[in-house]
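The values are calculated or read from the model by the stated rules, or taken from the named source; none is laboratory data. This one's a predicted model, so the numbers in the text were calculated from it and none came from an experiment. Here Cβ is always computed from backbone atoms with ideal geometry, including for glycine, and neighbour counts include all displayed protein chains. Heads up: the accessible areas ignore ligands, DNA and RNA and are worked out on the full protein's heavy atoms, side chains in. Shrake-Rupley method; radii C 1.70, N 1.55, O 1.52, S 1.80 Å.
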Amino acid sequence: MTRYFTEDGRNIPVTVIEAGPCVVTQVKTVESDGYSAIQLGFDDVKPRRSTRSLIAHDAKAGSAPKRVHFEFRCDGDDEAAEYEVGQVLTVAALEGLLYVDVAGTSKGKGFQGVMKRHHFRGLEASHGVQRAHRSPGSIGGGGINLGTGPKIKKGRRMAGHMGNERVTVRSLDVVSIDTERNLLIVKGPVPGPVTGILQIKTPSRLYKPKAKAQAAAAKG
Amino acid sequence: MSQLKDRQAILNSVVADQLKKDHELPMMSVGDTIDVHYRIIEGTKERIQVFQGVYIARNHSGINETITVRRIVANEGVERIFPLHSPRLAKIEVVRRGDARRAKLYYLRDRIGKSRRLRDQRRGLQHVEAWEAGHADRVAASKAGQDSAEAAPPTGDE
C-alpha cells in the first residue's frame with residue numbers, strides 16, 4: 001500500500017494492483033459444461049513449472065503457460081459468448097467504473113483465541129479471575145436450542161483457525177487506472193499478502209452512499 | 001508475478017509525480033528552525049498558517065516522508081508532524097541553522113530554558129560547503145527537469 005494526495009491535499013490510502021493482462025483460456029457454456037463461465041489465465045510461468053496438460057490447455061488459447069487460472073461465472077451463454085478463447089483482457093476493461101469488488105485469500109493467522117477471532121471481550125483482569133482472562137466464558141449448558149441438554153449449539157463461536165479464507169471486499173473506490181502498465185489503484189486495503197492473487201469484479205451490490213454517488217455520476 | 005524490486009519500482013513510479021522536487025524544498029537539516037507554511041481549508045476558504053519551530057526529526061521515505069517540528073506555545077511544548085509531500089504544505093523557509101549531531105532531536109523535549117536552544121551551525125566548514133554545493137546541483141537539476149517538462153506542454157503552471 002501507499003498513499004495518494006488529491007489536489008486539495010486530502011490523503012488517500014491506496015493499494016496498487018497489477019490487473020492483467022489476462023488471457024481467456026476457456027469459455028464454458030451450458031451445452032458443454034452445464035453452466036456459463038469464462039476462465040482467465042494470468043501471469044506467465046516457465047513451462048517446467050507447469051504441467052503438460054495445462055501447457056496444452058493454455059496453448060489452445062494461443063498463450064504461454066499461465067500460473068493462475070480462475071473462472072468467472074457469466075449470466076447465461078449470451079454473456080459468455082461475448083468472450084472468445086485467446087482474447088486478452090486488460091485493466092482497460094475496468095475503465096469508467098467508480099467502484100470494484102475485490103476478492104482474494106486472506107492472510108493465515110493460525111489457531112487463534114476468541115478475542116482475536118471473534119472480538120469477544122474476554123473475562124475480567126481481576127475480581128478473582130485466574131488464568132482465564134482471554135477465555136470465551138460460558139458456551140451454554142447444552143440443549144440444542146434451549147440451553148438445557150447434552151450438546152453445545154451448532155455455530156457457537158470458539159477458538160480455531162483464522163484467516164487463509166476467501167474474503168471479498170465490496171465497493172472499493174477506484175482511484176485511478178494505468179492502462180499502459182495495467183495497474184489498478186483502489187482506495188484502502190485488499191485481502192491477502194503482497195504477492196496475493198485477487199479477483200476483481202464489477203460491484204455486485206454497492207453500499208448505499210456509494211450507490212447514490214454512482215447514480216449521481218451516471219446522471220451528470 | 002513481478003519480483004520484489006520490480007514491485008517496489010512500480011510503487012515508486014505510481015507516486016513519483018506527487019513527490020516534491022528538490023527545488024521546491026529548501027536546504028534544511030534536522031536542528032534548523034523552520035517556518036512551515038501550511039494550507040488550512042475552512043469550508044470554501046483557504047488560508048496559509050505558518051508554524052515556526054525546530055525541525056527535530058524526519059521519518060519514513062518517499063511519499064510517506066514526514067517532518068516533526070517542535071515549538072513552545074505558552075510554555076507548553078507543541079509538536080506537529082507534517083507530511084512533506086502533501087500539497088497542503090505550501091512552503092518551508094529556514095529561519096536559523098542549528099547544529100545537531102544526531103538525526104532525531106528528541107532530547108530537546110527534556111530541555112528547559114536556554115539549554116533548549118541549539119548552537120548555530122558554524123558556517124565555512126568544509127562539510128557545510130560540500131552540502132550547499134550538492135544541494136545547489138540538485139536544485140539546478142530538478143529545475144532543469146521541470147523546465148524541459150514545461151516546455152513540452154505549454155500549459156504547465158508554476
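Laid out as a table, the results:
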| read-out | value |
| --- | --- |
| Residue, farthest from the other protein chains (Cβ to nearest Cβ), within segment A:1-12, restricted to residues that are at negative phi and open to solvent by less than 60 Å² (accessible area, probe 1.4 Å) | A:Ile12 |
| Residue check, A:Arg134 touching a helix residue (DSSP H, G or I) at 6+ places or on another chain (Cβ under 8 Å), of a type outside the set (Ser, Thr, Tyr) and at pLDDT 85 or above | yes |
| Output for segment B:31-63, where each listed residue is within 14 Å of another protein chain (Cβ to nearest Cβ) and at positive phi | B:Gly43, B:His60, B:Gly62 |
| Residues located in segment B:1-23, provided they are buried (at least 16 other Cβ atoms within 10 Å of the Cβ) and away from chain A (no Cβ under 11 Å) | B:Asp22, B:His23 |
| Positions within segment A:186-209 being within 12 Å of chain B (Cβ to nearest Cβ) and of a type in the set (S, T, N, Q), in sequence order | A:Thr195 |
| Count - residues of segment B:48-90 that are aliphatic (A, V, I, L, M), over 24 Å from B:Leu19 (Cβ atoms) and open to solvent by 40 Å² or more (accessible area, probe 1.4 Å) | 4 |
| Complete set of residues in segment A:91-122 that are open to solvent by 40 Å² or more (accessible area, probe 1.4 Å), of a type outside the set (Asp, Glu) and out of contact with any Pro (no Cβ under 9 Å at 6 or more places or on another chain) | A:Ala92, A:Ala93, A:Gly96, A:Gly108, A:Lys109, A:Phe111, A:Gln112, A:Lys116, A:Arg117, A:His119, A:Arg121 |
| Every residue from segment B:34-47 that is more than 18 Å from A:Asp8 (Cα to Cα) and open to solvent by 20 Å² or more (accessible area, probe 1.4 Å) | B:Asp35 |
| Filter result for A:Val23 (within 30 Å of A:Ser176 (Cβ to Cβ), surrounded by 13 or more Cβ atoms within 10 Å (Cβ to Cβ) and within 14 Å of chain B (Cβ to nearest Cβ)) | no |
| Residues of segment A:26-43 satisfying the condition of being on the phi < 0 side of the Ramachandran plot and surrounded by fewer than 15 Cβ atoms within 10 Å (Cβ to Cβ) | A:Val30, A:Glu31, A:Ser32, A:Asp33, A:Tyr35 |
| Residues (away from every other protein chain (no Cβ under 14 Å) and over 12 Å from B:Ala57 (Cα atoms)) located in segment B:76-90 | B:Glu76, B:Gly77, B:Val78 |
| Residues satisfying the stated conditions in segment A:187-220, i.e. of a type in the set (A, V, I, L, M) and over 17 Å from A:Ser106 (Cα atoms) | A:Leu206, A:Ala211, A:Ala213, A:Ala215, A:Ala216, A:Ala217, A:Ala218 |
